[in-house]
Amino acid sequence: MSSIKITVMHTGHIHIYPKRLQDGYSFYKAFGITTSKEDWVWLPVSSYLIEHPKGNILFDTGWGRSISPNGVFDGTAQIKAFASTLLYKLNQGYVELGKTAKEQLDKKGIKPEDIDYVILSHLDCDHTQGLKDLAGVKNVLVSREEYSFSRRINLINQIRYHSRWIRGMPVRFFDWNCSGGPFHKSYDLFGDNSIQLISLPGHSPGHLGIKIKDRAGKYVLLYGDAAHNSRSWQLAQPTGIIVDRKKQIETLKWIREESINPYCIESIGNHDPDVHPHVINL
Ligand SMILES: [Zn+2]
């Protein structure tokens, strides 16, 4: 019987201001621009390989090798990779040798050409910067809302997004074709309800999560940065960088309902220190 295998990978770490996990009402406050780096914490950056009978999917790419050429924190390399000193001041990361998504796929004997879909939850650097290491993937799916938002020219977007992370890659858009999720916008990737891309706005306008379901109805929810950890959705309390607080609250309430549903096997966020690399078989 066919089955779905989900490999939760850690593709490096990100250094952030802890308040970003508590109260994100101000972009600048959440980014911790004026705070001492000594208070910051390192969190994992996750990427997920979904081996499905109808195709291989990578959900988010994590960091690429260029930010951390020797597997350790390297500010100079990161500024070069970001082409932005300011973004480096706000987001610092490293990825150990052998731990980029590309390197972990290599170890499994999976080449970029074997990846049918890279799906990006959103376009922040820690989710997209590893994409360039994966030249050869067949399709890169991004929501139209996210792409359009990232192209808007304003100060924050100029710091936050860089088109170079996706430029030259086979980026495709899709039309919502189902009504799942808090805003009734979802996309049934294979037409059999096994992989649903779900609109989860708040952190960014076009943020999406993935619900992976087996034939018995059991499912795994990967919610990316729609919530920063389980506490955030348990309390339905907005956290972190927020572009739409009202929508984020609706998103968090939906994640809570889905996560406590007895059919939910696991509900996983992208930067949760309590989540360790593991494999889920559906
Ligand atoms: Zn993130």
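The values are calculated or read from the model by the stated rules, or taken from the named source; none is laboratory data. Note that the structure is predicted; figures quoted are calculated from it, not measured. Note that we place each Cβ from the backbone using ideal geometry, even for glycine, and neighbour counts take in every protein chain shown. Just so you know, the surface numbers come from the protein's heavy atoms only, side chains and all, with ligands and any DNA or RNA stripped out. Shrake-Rupley method; radii C 1.70, N 1.55, O 1.52, S 1.80 Å.
Summary of computed values
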read-out	value
In the range 260-273, the residues that are under 18 Å from the mean Cα position of the chain (by Cα) and either assigned to a helix (DSSP H, G or I) or within 16 Å of the ligand (Cβ to nearest atom) (or both)	Ile268, Gly269, Asn270, His271, Asp272, Pro273
Residue check, Lys99 away from the ligand (no atom under 15 Å from the Cβ), touching a residue at least 40 places away in the same chain (Cβ under 8 Å) and open to solvent by 50 Å² or more (accessible area, probe 1.4 Å)	yes
Residue match in the range 130-141 (condition: surrounded by fewer than 22 Cβ atoms within 10 Å (Cβ to Cβ) and polar (S, T, N, Q))	yes
Which listed residue, of Asp124, Asp39, Asp60, is within 16 Å of the ligand (Cβ to nearest atom) and modelled with pLDDT under 95	Asp124
Filter result for Pro205 (open to solvent by less than 30 Å² (accessible area, probe 1.4 Å) and either in a loop (DSSP other than H, G, I, E, B) or within 14 Å of the ligand (Cβ to nearest atom) (or both))	no
Within the range 51-82, tally of residues that are without any contact (Cβ under 8 Å) to a residue 24 or more places away in the chain and crowded, with 21+ Cβ neighbours inside 10 Å	1
Identity of the residue in the range 127-137, of a type outside the set (Lys, Arg), more than 16 Å from the ligand (Cβ to nearest atom) and not in a loop (DSSP other than H, G, I, E, B), that ends up farthest from Met169 (Cα to Cα)	Asp133
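Residue-by-condition table, conditions (1) closer than 30 Å to Glu257 by Cβ; (2) surrounded by fewer than 19 Cβ atoms within 10 Å (Cβ to Cβ):
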{"site": "Phe149", "(1), (2)": "yes, no"}
{"site": "Tyr161", "(1), (2)": "no, no"}
{"site": "Gly181", "(1), (2)": "yes, no"}
{"site": "Ser186", "(1), (2)": "yes, no"}
{"site": "Gly191", "(1), (2)": "yes, yes"}
{"site": "Gln196", "(1), (2)": "yes, no"}
{"site": "Ile210", "(1), (2)": "yes, no"}
